[in-house]
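Colleague: Quick one: structure below, then a few questions.
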Amino acid sequence: MVKSNNSFCRFAHLSPDIVNTLRDGQRYMRTWPLVPQLGYFFPEYRVIKATQLAKNLLPLLALVAGGGQLFFLGWTFLPQALATTLFFISLPVQGVLWLGWRSRHPLPVSLLGWGNELNAKLAGLGISARPLGVNASYMDIAVLLKTAFERLDRQFWEEL
């Protein structure tokens, strides 16, 4: 068993794998290019947008829902108010966990071929990018897509 030096892990009794998955999800969310055209092919665009919205909106909604239950129904409904509050707060965490899981997931063969074609197009323009190997993950294609988004013109994205 791997010991974690992270005090948060010891406090919350979270396994280091969950914490690493959350970190990977945050990194994947920062890496994935938020191009609406990619939303037709990948669910990441929609999940990232929903998670970002949830991170900003749901803590307030959780307070309103939990506080409203306590205000209108009384302190006897404290367990239900806590459950409702925790549910709303957990939704953005679930989005980040899914993104972390997805970032580690291996690419299907069809996406691997498409990624290698994109890499060849970048190489043809003189832009260096790391080629996708057999064990490539969604994080690898996110890095490649981010490089392509930063370096290629708008016409490429409109052709998608």
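Colleague: Can you list residue pairs whose Cβ atoms sit under 6 Å apart, with the first residue in segment 148-160 being under 17 Å from T31 (Cβ atoms) and the second being basic (K, R) and modelled with pLDDT under 75? Count only pairs 6 or more apart in sequence or on different chains.
Modeller: No pair meets every condition.
Colleague: Could you grab me the full set of residues in segment 118-147 that are touching a Leu at 6+ places or on another chain (Cβ under 8 Å) and in contact (Cβ under 8 Å) with a residue 60 or more places away in the chain?
Modeller: The answer is Y138, L145.
Colleague: Can you tell me which residue within segment 107-128, out of those that are among the polar types (S, T, N, Q) and closer than 15 Å to V143 by Cα, is surrounded by the most Cβ atoms within 10 Å (Cβ to Cβ)? Outline the logic, then answer.
Modeller: Initial filter on segment 107-128 (among the polar types (S, T, N, Q)): 110, 116, 119, 128.
Restricting the remaining residues to those that are closer than 15 Å to V143 by Cα gives 116, 119, 128.
Values: N116: 15, N119: 20, S128: 8.
The selected residue is N119.
Colleague: Shifting gears a bit: Can you report the number of residues in segment 91-144 which are small (G, A, S) and part of a helix (DSSP H, G or I)? Can you show your working first?
Modeller: Of the residues in segment 91-144, the ones small (G, A, S) are 95, 100, 103, 110, 113, 115, 120, 123-124, 126, 128-129, 133, 136-137, 142.
Adding the requirement that they be part of a helix (DSSP H, G or I) leaves 95, 100, 103, 110, 113, 115, 120, 123-124, 142.
Residues that pass the stated criteria total 10.
Colleague: Let me ask something else. Do the conditions hold for F42, that is, is it outside any helix (DSSP H, G or I), free of Cβ contacts under 8 Å to residues at least 60 places away in the same chain and not aliphatic (A, V, I, L, M)?
Modeller: Working: outside any helix (DSSP H, G or I): yes; free of Cβ contacts under 8 Å to residues at least 60 places away in the same chain: yes; not aliphatic (A, V, I, L, M): yes.
Yes; evaluated as a whole, the condition is true for this residue.
Colleague: Further question: It is to be established whether one or more residues within segment 74-83 are under 24 Å from V19 (Cα atoms) and free of Cβ contacts under 8 Å to residues at least 12 places away in the same chain. Break it down into steps so the answer makes sense when it comes.
Modeller: Of all residues in segment 74-83, those under 24 Å from V19 (Cα atoms) come to 82-83.
Among the residues that remain, those that are also free of Cβ contacts under 8 Å to residues at least 12 places away in the same chain are: 83.
So far as segment 74-83 goes, yes, one or more of its residues are under 24 Å from V19 (Cα atoms) and free of Cβ contacts under 8 Å to residues at least 12 places away in the same chain.
Colleague: Given the structure, is L91 assigned by TED's automatic domain parsing to the domain that holds K55 and either acidic (D, E) or over 30 Å from Q69 (Cα atoms) (or both)? Talk me through it step by step, then tell me what you get.
Modeller: Details: assigned by TED's automatic domain parsing to the domain that holds K55: yes; either acidic (D, E) or over 30 Å from Q69 (Cα atoms) (or both): no.
Against the criterion (assigned by TED's automatic domain parsing to the domain that holds K55 and either acidic (D, E) or over 30 Å from Q69 (Cα atoms) (or both)), L91 does not qualify.
Colleague: Out of all the residues in segment 129-142, which are loosely packed, with under 12 Cβ neighbours inside 10 Å and either at pLDDT 85 or above or farther than 14 Å from T31 by Cβ (or both)? Walk me through how you get there before you give the answer.
Modeller: Taking segment 129-142 first, the residues loosely packed, with under 12 Cβ neighbours inside 10 Å are 130, 133-135.
Result: G133, V134, N135.
The values are calculated or read from the model by the stated rules, or taken from the named source; none is laboratory data. This is a predicted model, so every value here is computed, not measured. For neighbour counting, all protein chains shown are included, and Cβ atoms are generated from backbone atoms with ideal geometry for every residue, glycine included.
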